[in-house]
Structure formats: C-alpha cells, structure tokens
Amino acid sequence: IDFVGKTWTPVDSHADTAFSLKELNGNGHTIYNLTINGQAMFTRFAGSGDVTVKNVTFDNASVNSTTINTSILTVQTYQNVLLDNVDVRNSSINGGYKVAPLIGTVYNENPATTITATLKNCDVENVTVKATSYDFCTTGMVAFVYADDNDTIEFENCTVKDVKLMAPNDSYKAHAAIYTTDSESLYNEAEGVTVTNVTFEAL
C-alpha cells in the first residue's frame, strides 16, 4: 500500500467518539511512504475492550510533530494493547518529546484498573527518532510508561537495530527500547528486546 503523495489525517479512537479501534490486521501488507503531519495514525487507543494491531510493516514512514507524544501508531494507550508482528523500517519520527516509532505513551489514568501493553515479534530497523524538547525521551520502541505498579509493558522476540536517537540532552532521556518511570540509565534494554547499534546524537 503506497501512500506517496498522500497525507494521513490522525483518527481519534477515544471512547467518546464514533470510532473505537479494536483490531488492525495488516494481513502481511507493507505500508510505504506514509506521511503524518501530526502526532500519530491514531490519536490514542482508548475506550472499552482491548486493542490488537498485527501483521503490518511501515516502510519509509515520516511523522512530524512539535508537541508531546509522537509515534507512528498511537499517541497514548489507556487500555490493554497487543502489537504482534508490527515492524518499522527506514523511517523518521520527529516530535517535541516522548518520541518513539510505535507508541508514544502507555498511561493508565484509573488507579482502580490495570493495563498491559504487549509487543511481540516487532522489529524497528534503520529509523531516526528525534525530540526537540529537553523534557523526556526518545526511544527505539515505546517512549514512555507512566502507570501504577500493577501496570506492565511486555516484550517478546522484538529487535531494535540501526536506530539513531536525537535530542537536546542525553540525561536519562534516550533509550534503546523503552523509558519507564523508574529507568534513568542511558540506552536501557528491556527483557525480550535485542538491541543492535543504537546511537545518540545531541542536537
């Protein structure tokens, strides 16, 4: 599926709108040349029930934003989400802060519930991730997890390869796979993610 010359208008999948994403199955297709002049394809994965995105590759995608939370798929998830066999290649993700290829933020605003974000068989390769603000992070997969102790993000058989992270400051802000509320080391690696050649460049 070739998006050359086309611009995607982000979809708000919040529960208070007419559209609520439950499953996106790419059936093995590759989406080429997707341009998003905004934060993400979907403003957020939210609402009742779980969300699954699977079997799709993004090649030569370009996401351009100046605000918080920038990624290809979603700005924020408020519920259980599964990404299975979702790949990003040869792409650039540019945002203000909390910038990542797949998900901007995993956030649970309800302390009475728990959520899990699961990434399986997801690969990110030859991607540039750029944040223009000093606040928080650029990462190779998921930018930021802000949740209670019972909320989790899980990786299985994922890879991050040949990724350049760019930001004004490298102090606890650039990470190979994920930034969580308790991670403060540069280029932290998460269990279930193989990391190869992740570099950082200060702006």
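At least 2 residues being buried (at least 24 other Cβ atoms within 10 Å of the Cβ) is the threshold, and among the strands (runs of 3 or more DSSP E) wholly inside the stretch 23-128 those reaching it are 42-45, 51-59, 68-70, 74-77, 81-95, 97-99, 103-107, 116-120. Within the stretch 1-21, the set of residues being at pLDDT 85 or above and of a type in the set (D, E, K, R) comprises ASP2, LYS6. Can you tell me which residue in the stretch 144-187 is surrounded by the fewest Cβ atoms within 10 Å (Cβ to Cβ), limited to those that are modelled with pLDDT of 75 or more, within 14 Å of ILE93 (Cβ to Cβ) and of a type in the set (A, V, I, L, M)? Residue satisfying both the conditions and the ranking: MET166. Selection of first residues in the stretch 106-135 that are within 24 Å of ASN33 (Cβ to Cβ) and of second residues that are assigned to a loop (DSSP other than H, G, I, E, B) and open to solvent by 60 Å² or more (accessible area, probe 1.4 Å), restricted to Cβ pairs under 8 Å at least 6 apart or on distinct chains, gives the following pairs, ordered by first then second residue: ASN121/ASN157; LYS130/LEU203; THR132/THR66; THR132/LEU203.
The values are calculated or read from the model by the stated rules, or taken from the named source; none is laboratory data. Keep in mind that what you see is a predicted model, and the values were worked out from it rather than measured. Quick reminder, even Gly has a Cβ in these numbers, built from the backbone with ideal geometry, and neighbours come from all protein chains shown. These area figures cover heavy atoms from the full protein model, side chains too; ligands, DNA and RNA do not enter into them. Shrake-Rupley method; radii C 1.70, N 1.55, O 1.52, S 1.80 Å.
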